[in-house]
Amino acid sequence: MGRRPNVILRIVVEDCDIVKASDTSCCRRLGLAFTTVATRGCGRRLCLLCPGCGGRAFKLYRPMHLPVFACRACHNLSYTSVQKHDARLDRLLKVPDREIVRLITQDTNMTWKLLAIRAGYIRLGVIPKY
């Protein structure tokens, strides 16, 4: 029996309404509070206060099924690219080619073969196709 994948379905930022601190008229109309933060120079930059946690944010998000704007952390939002990234590929790319060939040819675990295909080893001719 294999391990069950740890799947946490998160709402993606791309599916939300977004309001930026620079759009002051829209933020005021929504009743959002402002504050400022210091910049590297001597200036100040406008930012929003999250109604959920009180933290400062430059953007607030509203998922389609919720009525309030809040920061990414409050809504537990993620980016699509983060959800599609496979950290196993990063680890695989650090493994020497000789070890990858050994794993794929001797191990019956199909995961190694699929990862090798995704990483480009089989396409590049390092490992013969099966």
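Keeping to segment 13-32, report how many residues are in a loop (DSSP other than H, G, I, E, B) and surrounded by 12 or more Cβ atoms within 10 Å (Cβ to Cβ).
Looking only at that region, the number is 4.
Could you check PRO67 against (1) touching a residue at least 12 places away in the same chain (Cβ under 8 Å); (2) exposed (fewer than 12 other Cβ atoms within 10 Å of the Cβ); (3) not aliphatic (A, V, I, L, M) and say which number it fails?
(1)
Evaluate segment 112-122: report whether one residue or more is touching a Leu at 6+ places or on another chain (Cβ under 8 Å), part of a helix (DSSP H, G or I) and at pLDDT 85 or above.
No - not one qualifying residue is present in segment 112-122.
The values are calculated or read from the model by the stated rules, or taken from the named source; none is laboratory data. Worth saying up front: this structure is predicted, and the values here are computed from it rather than measured. All Cβ positions, glycine included, derive from the backbone under ideal geometry; neighbour counts span all protein chains shown.
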